[in-house]
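**Student:** The structure under discussion is supplied below as structure tokens; questions concerning it will follow.
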């Protein structure tokens, strides 16, 4: 990523990067040496929609602060919802099977009702949401075949009210814990379409 984007993410308590192909065994050895709990899931995004990864629910009256590109500290308090990492993607078989990823962060609350929307000239019912997207915190990366996207906290995540602390750090029984996400895009072919 651009160095200014990397610095902005780090200041907000986040690190995002690409782990090279063949590095998973070394990463796994480090995680095992630290007695880290690991979970593996295969997630398939809805067709034409980004993959949404829930990092946890919003606690009652939880404030999330972010630094903007011009250095201002801004915050918003949420009363309910889910903290989401959004992975939008475009698979590029013509470029060696790479996947272009756009990583974003949002808080979304399902209102529990349906609303009408126009999509490509068709009117249909969809769930109604309250959404807040952290628009300045968007990363665009290209993941080659065999590589994986890594999302984790930076040193600033120790400031629990920053987005990195809110999304990737928790305290359990008085002990701090950090979450790391390793995402490997795996293209697949559906019946009748590529």
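Please treat every number below as a calculation from the coordinates, not as lab data. Keep in mind the model is a prediction, meaning the values are calculated, not measured. Heads up, the Cβs are rebuilt from the backbone with ideal geometry, glycines too, and the neighbour counts pull from every protein chain shown.
**Student:** Could you work out how much longer the chain between residue 150 and residue 49 gets when fully extended? Use 0.36 nm per residue separation minus the Cα distance between them, nm to one decimal. Provide the component values of the computation, followed by the final result.
**Tutor:** Numbers: separation 101, 0.36 × 101 = 36.36 nm, distance 2.08 nm.
Difference between extended and current length: 34.3 nm.
**Student:** Going by a ≥ b ≥ c, the root eigenvalues of the Cα gyration tensor, does the range 108-194 fall in the rounded group (a/c under 1.5), the prolate group (a/b larger than b/c) or the oblate group?
**Tutor:** On the way: a/c = 2.46, a/b = 1.34, b/c = 1.83.
It is oblate, given that a/c is not under 1.5 and a/b is not larger than b/c.
**Student:** I've got another one for you. So what is the 222 nm mean residue ellipticity for the chain from helices alone, if each DSSP H run of at least 4 adds -39500 (n - 2.57) and you divide by all residues, rounding to the nearest 500 deg cm²/dmol?
**Tutor:** On the way: 3 runs with 25 residues, N = 194.
Estimated from H runs of four or more residues: -3500 deg cm²/dmol.
**Student:** Rank by packing, highest mean first: peptides 110-118, 10-18, with packing defined as the count of other Cβ atoms within 10 Å averaged across residues. Each step should come with its number before you reach the end.
**Tutor:** Details: 110-118: 9.6, 10-18: 20.7.
Result, highest mean Cβ count within 10 Å first: 10-18, 110-118.
**Student:** Shape of the chain from its Cα gyration tensor (a ≥ b ≥ c, root eigenvalues): rounded if a/c is under 1.5, otherwise prolate when a/b > b/c, or oblate?
**Tutor:** On the way: a/c = 1.55, a/b = 1.04, b/c = 1.49.
The shape class here is oblate.
**Student:** When the Cα centres of the range 15-61 and the range 98-155 are compared, how far apart do they sit, in Å?
**Tutor:** For the range 15-61 versus the range 98-155, the Cα centre distance is 16 Å.
**Student:** Using alpha-carbon pairs under 8 Å, 6+ residues apart, how would you state the relative contact order of the range 47-155 in percent? Can you show the working numbers first?
**Tutor:** On the way: 198 pairs, mean separation 23.6, N = 109.
So the answer I get is 22 percent.
**Student:** When you count, for each residue, the other Cβ atoms within 10 Å and take the mean per peptide, how do 151-157, 1-7 rank with the highest first? The partial results should precede the final answer.
**Tutor:** Values: 151-157: 19.4, 1-7: 12.4.
My ranking of the peptides, most packed first, is 151-157, 1-7.
**Student:** Could you work out the relative contact order of the chain, using alpha carbon pairs under 8 angstrom and six or more residues apart, expressed as a whole percent? Provide the component values of the computation, followed by the final result.
**Tutor:** Values: 356 pairs, mean separation 47.8, N = 194.
Normalised by residue count, the contact order of the chain is 25 percent.
**Student:** How would you rank 158-167, 77-86, highest first, on the average number of other Cβ atoms within 10 Å across their residues?
**Tutor:** Details: 158-167: 20.9, 77-86: 17.0.
Per-residue mean Cβ counts within 10 Å order the peptides as 158-167, 77-86.
**Student:** Each label point is 7 Å from the Cα along the Cα-to-Cβ direction; what then is the distance between the points at residue 7 and residue 133, in nm?
**Tutor:** With each label point 7 Å from Cα toward Cβ, the separation is 2.6 nm.
**Student:** Can you tell which of 54, 66, 38 shows the greatest fluctuation in a Gaussian network model of the chain with Cα springs below 10 Å?
**Tutor:** 38
**Student:** Continuing with the same structure: If a/c stays under 1.5 just call it rounded; otherwise compare a/b with b/c (prolate if a/b is bigger, oblate if not). Do that for the range 1-103, with a ≥ b ≥ c from the square roots of the Cα gyration tensor eigenvalues. Can you show the working numbers first?
**Tutor:** Working: a/c = 1.43, a/b = 1.34, b/c = 1.07.
Here the range 1-103 falls in the rounded category.
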